[in-house]
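Undergrad: Following this message is one structure expressed as structure tokens.
The values are calculated or read from the model by the stated rules, or taken from the named source; none is laboratory data. Computed from a predicted structure; not experimentally measured. Heads up, the Cβs are rebuilt from the backbone with ideal geometry, glycines too, and the neighbour counts pull from every protein chain shown.
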Amino acid sequence: MGNTNCDNFFSIAQLTDIHLFADIEKSLVGIQTEASFQEVLGTIKQILPQVDLLLLTGDLTQDGSGASYDLLKRSLDSFAIPAYCLAGNHDDLSLMQTHLPSQYVHLKRSLDVGNWRILMLSSVVVGAVHGYLATSELAWLEENLTAYPDRPTLITFHHPASLLGSEWIDGICLQNQAEFWAICDRYPQVEVVLNGHAHQDFDQIYKTPHNAVRCLVTPSTCVQFQPQNHKFQIDNQPPGFRHLRLYADGSMETEVYRLEVGSFNPDLTAIGY
């Protein structure tokens with residue numbers, strides 16, 4: 001897949017934590033997740049002049065049903081732009097593999113976009129909410145980084161790779177962060193790490209002894225969690241998504257877009273999701 005943009009960048013829209021149900025009328029803490037997802041897709045088409053691919057970084061469904069993955073596939077096929085999907089802790093990978101692949105929907109692990117490489121890992125621990133990169137995942141990551149030392153690289157998986165300053169969410173993020181960052185430290189081509197799971201916007205330079213990596217977390221397309229709160233708390237910010245522009249020289253620009261305030265109102269008294 002080549003770079004198709006006249007400004008010499010590759011355009012990616014990241015959508016995460018969609019939490020679809022088989023029943024499109026069903027809500028998650030007061031928000032109908034199918035409706036908010038469709039509104040986000042419509043916003044992308046409206047405000048971004050070109051998108052080369054969609055990157056969906058986990059918790060695609062809430063109920064982990066085949067019907068909810070079919071619903072997602074129909075939406076992505078209608079959007080008619082290549083979409084690459086990762087599993088989150090609410091997902092069922094075997095059902096994803098059965099129901100999702102299509103002309104536009106893919107479950108690939110690596111992707112060449114312009115001069116960049118995107119490496120897609122699984123941080124899912126079956127039956128758990130927290131994340132962990134298995135030894136096999138870390139080995140696969142290092143093999144790929146070794147093979148392409150001159151390609152700027154974006155690494156993505158569901159669970160945040162760094163602490164976000166919120167005790168409850170940090171407890172269910174990636175549990176072996178030190179192992180992951182030790183690998184990133186050895187490969188200066190690692191430019192960006194992109195995650196979901198935390199239902200909030202986070203953007204920080206993560207410094208290792210020999211590298212500095214842009215570490216990004218993206219709001220959910222439905223419910224948001226209040227940042228910097230040590231206890232679970234639903235936030236009243238609207239659903240959103242992230243736009244990334246990967247330039248041929250290895251630089252990257254990004255911003256988060258949100259729907260209009262009041263377009264979807266969560267239940268702020270909810271104590272779990």
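Undergrad: What do you reckon, is Ser75 under 14 Å from His99 (Cα atoms) and either surrounded by fewer than 20 Cβ atoms within 10 Å (Cβ to Cβ) or touching a residue at least 24 places away in the same chain (Cβ under 8 Å) (or both)? Before you say what the answer is, go through the steps one by one.
TA: Numbers: under 14 Å from His99 (Cα atoms): yes; either surrounded by fewer than 20 Cβ atoms within 10 Å (Cβ to Cβ) or touching a residue at least 24 places away in the same chain (Cβ under 8 Å) (or both): yes.
Here the answer is yes, as Ser75 does meet what is asked.
Undergrad: Check Gly272, Gly250 and return the single one that is assigned to a loop (DSSP other than H, G, I, E, B), within 24 Å of Leu145 (Cα to Cα) and not basic (Lys, Arg).
TA: Just a single option satisfies the conditions, and that option is Gly250.
Undergrad: If you go through the stretch 55-83, how many residues are out of contact with any Asp or Glu (no Cβ under 9 Å at 6 or more places or on another chain), among the hydrophobic types (A, V, I, L, M, F, W, C) and either assigned to a strand (DSSP E or B) or farther than 22 Å from Arg109 by Cα (or both)?
TA: So the answer is 2.
Undergrad: Where residues in the stretch 7-37 are polar (S, T, N, Q) and surrounded by 15 or more Cβ atoms within 10 Å (Cβ to Cβ), which of them is farthest from Phe264 (Cα to Cα)?
TA: Residue satisfying both the conditions and the ranking: Ser11.
Undergrad: Out of (1) of a type in the set (Asp, Glu); (2) surrounded by fewer than 16 Cβ atoms within 10 Å (Cβ to Cβ); (3) in contact with a Lys or Arg (Cβ under 7 Å, 6 or more places away or on another chain), the odd one out for Glu191 is which?
TA: Of (1) of a type in the set (Asp, Glu); (2) surrounded by fewer than 16 Cβ atoms within 10 Å (Cβ to Cβ); (3) in contact with a Lys or Arg (Cβ under 7 Å, 6 or more places away or on another chain), only one is false for Glu191: (2).
Undergrad: Which ones in the stretch 196-222 are within 18 Å of Val40 (Cα to Cα) and either surrounded by fewer than 24 Cβ atoms within 10 Å (Cβ to Cβ) or of a type outside the set (A, V, I, L, M) (or both)?
TA: Gly196, His197, His199, Gln200, Asp201, Thr218, Pro219, Ser220, Thr221, Cys222
Undergrad: Taking the residues in the stretch 147-193 that are free of Cβ contacts under 8 Å to residues at least 40 places away in the same chain and among the β-branched types (Val, Ile, Thr) as candidates, determine which candidate is farthest from Thr61 (Cα to Cα).
TA: That would be Thr153.
Undergrad: Turning to a different aspect of this structure: Can Leu174 be described as under 30 Å from Gln233 (Cα atoms), among the aliphatic types (A, V, I, L, M) and at pLDDT 95 or above?
TA: yes
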